[in-house]
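Please read the structure below before turning to the comments.
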Amino acid sequence: MTAVIEAVVVPRRRRSYRRVGTGAGSLVLVLVLWEAAARVIGDPVTLPTVTETVRTFGEYLAKPYPEVQGKTLLQDALISTGRILAGFLLGSAAGLLLGASMAGVRVVRELADPVIAVVRPLPPIAFIPLLVVWFGIGETSKIALILFGVLPVVTVATLGALDAVPAELGHASRSLGASPLHTMLHVRLRAAVPGVITGMRIAMGGAWTAIIAAEMIAATGGVGFLILQAGNYLQTPLIFSGIAEIAVLGFVFDGLLRLLLRLADPTAR
Amino acid sequence: MSAVVESPAVAEQATGVRIRDVHKTFHRKRRPGRAALEGVSLDVEPGEFLCLLGPSGCGKSTLLSIIAGFTSADSGEVIVGGRAVTGPGHERGVLFQTPNLFPWLTTWQNVLYGPKARGVLTAEVREEAAELLETVGLADARDAYPHELSGGMRHRAAFARVLINHPGVLLMDEPFGALDAITRAGMQRFLLELWQKRRTTIVFVTHDVEEAALLGDRVCVLSAPPGGTKAVLDIGLPRPRSYDDTETLEFVQAKRRIREVLER
């Protein structure tokens, strides 16, 4: 039997190395195509070369842009990340709470369902001017924006995941001697965790869209602000640097959530 | 000597089930309720293997669910081991149609779930869990997660998870119904051996006449919905039974008697 289990595990690991290799290869291919296209076009304002972009990225990582009252790429990244983290964590916690109470209390579900149905399709970006009127152009309006974007997605994911837990799983727990509270915490909520994390991954994508838009409209720092400034002065390599920064941050955050999912769900390993 | 001491000790744990005039109606919105059980009475002796047999929808699963304490009866009484059933409890082990293992726990953690949840996880319990895994043939799959196990292995893990609680009665709701024929035969053989060793009371729901005749001491046939007890048949086949018994004349006759009651 050990042999059977090992036989399943070993090729899976080998396959995953191969997958990472293929993935890295396709990214390299994209970079090569970009470099070739940039050299053919020969105009750094339209399309800078990869090497020029990398050089700019390295230069402004520690050098402020614009030079007066500007911030470095690193500082902008930290500002955006801080806003995302605060809004995302608050929104996820609120969504989890709301989703769980909707699943548990019928009145809450009947009250919240129509509100969520109306609010969820609204693009959070539409609220930026309103939030600026309410909270100014400081951190509060940014965090509130992300919170309102994340909340409905995580709420719906939590509710769906809790509804999908088979009743028999709870029955099994109760007939093994667990109390109703123990069953609620260790079986029903636990079984919903992978679904909640998947909802958080979806919400994270929306959060980046919202924060970049907000920083372009009303901010004095952050990656979105940097990209807009660079665009105003036709600093295309810097625009690409900002975009690359978002790509890296987005990849890191999604990677962290994927890691969390793997920890929570053995079938995803 | 150990055999002499062991068998009464194990038999002592087995508890009887007493069901008296149980009624259950499922209510539906704006429509008349559907009666699932109408006056079911039944006695299961301690250590007995009883099969509940009936056409689909006859309420046999509802009856099992009432004994387990997941559903409450509208009227009538259900007494297990001298105590009226008011809710689920670990003294009544339940095996479902699907194994219902917790997918985020390993086989080992699944088996220890009950004792841990009840706060009685001791070194002895761990030792017993290891022995149980040996018994059900999963000692090597101890750290595997349910999705890494085959269908039969999952069912055997579910057995171990229930048996660690020393239930006085095992309630089984068509547990092998979803398995392929070969795995199913293997599980039936496994169950026969297990019962032969432990002599726990078993209430086994099935719609398969052959399965009922092979496993049960008695077969309780429920009538078409709404369910009531139609007849309780003694299966006189000698114990211990094995799969070879399915080819004997007595077995064929037992099957025919059950079928006659079913079609009556």
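Computed from the coordinates by the stated procedures, all read-outs in this text should not be read as laboratory data. These numbers were taken from a predicted model, which means no experiment stands behind them. We place every Cβ from the backbone using ideal geometry, glycine too, and count neighbours over all the protein chains shown.
What the table shows:
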read-out	value
Candidates B:Ser150, B:Ser242, B:Ser41, ranked by Gaussian network fluctuation over chain B, Cα under 10 Å, top entry	B:Ser150
Stretch gain in nm, segment A:Thr220-A:Val45, where the contour uses 0.36 nm per residue and the Cα spacing is subtracted	60.6 nm
Relative contact order computed over chain A (Cα-Cα under 8 Å; 6+ residues apart), in percent	22
Under the span-like rule (Cα at least 15 Å along the axis, Kyte-Doolittle mean at least 0.0), DSSP H helices of chain B	B:2-13, B:151-163
Phi-based couplings in Hz for region B:216-224 (Karplus 6.51, -1.76, 1.60; Gly and Pro marked x)	x, 6, 10, 10, 9, 9, 8, 7, 4
B:Arg264/A:Ile243 FRET efficiency (R0 56 Å; Cβ-Cβ; nearest 0.05)	0.10
Set of lysines with alpha-carbon distance to B:Lys116 below 29 Å, sequence-local pairs under 8 removed	B:Lys197
GNM result for chain A, Cα springs below 10 Å: residue of A:Leu256, A:Leu61, A:Leu98 fluctuating most strongly	A:Leu256
Total charge dipole magnitude, chain A, about the Cα centre, Cβ charges on Lys, Arg, Asp, Glu only, Debye to nearest 20	1000
Test item: Cα-centred dipole of the protein assembly as shown, Lys/Arg +1 and Asp/Glu -1 on Cβ, debye	720
Radius 13 Å from Cβ of A:Ile41, net charge of other residues (Lys, Arg +1; Asp, Glu -1)	-2
Where labels lie 7 Å past Cα in the beta-carbon direction, separation of A:Arg269 and A:Leu31 in nm	3.2
Cα shape, region A:19-89, gyration tensor, a/c 1.5 rule	oblate
Estimated FRET transfer efficiency (A:Arg18, B:Ala123; beta-carbon r; R0 35 Å; 0.05)	0.20
Fraction in percent of alpha-carbon pairs per bin - 5 Å, chain A	1, 5, 10, 12, 13, 13, 12, 11, 9, 6, 4, 2, 1, 0, 0
Inter-chain shielding of A:163-175 (mean C-beta neighbours from other protein chains, 10 Å cut-off)	6
Pairs beyond 21 Å (Cα-Cα), from A:Lys63/A:Lys142; B:Lys230/B:Lys255; B:Lys60/B:Lys255; B:Lys24/B:Lys230	A:Lys63/A:Lys142
For A:Ser179, net neighbour charge (Lys/Arg +1, Asp/Glu -1) across residues whose Cβ lies under 13 Å away	+4
Highest-MSF residue in chain A out of A:Glu215, A:Glu168, A:Glu245 [GNM, Cα springs under 10 Å]	A:Glu168
Axial C-alpha extent at least 27 Å, average Kyte-Doolittle at least 0.5 - helices from chain A (DSSP)	A:2-41, A:73-104, A:139-163, A:190-217, A:236-264
Segment A:Leu185-A:Phe135, extension gain: residue separation times 0.36 nm, minus the distance between their alpha carbons	14.3 nm
Sum of side-chain charges, B:Val120 neighbourhood, beta-carbon under 15 Å (Lys, Arg +1; Asp, Glu -1)	0
Peptide B:97-105 - average C-beta neighbours from other chains (10 Å radius)	5
Within region B:103-166: Cβ-based charge dipole about Cα centre, in debye rounded to nearest 20 (Lys, Arg +1; Asp, Glu -1)	300
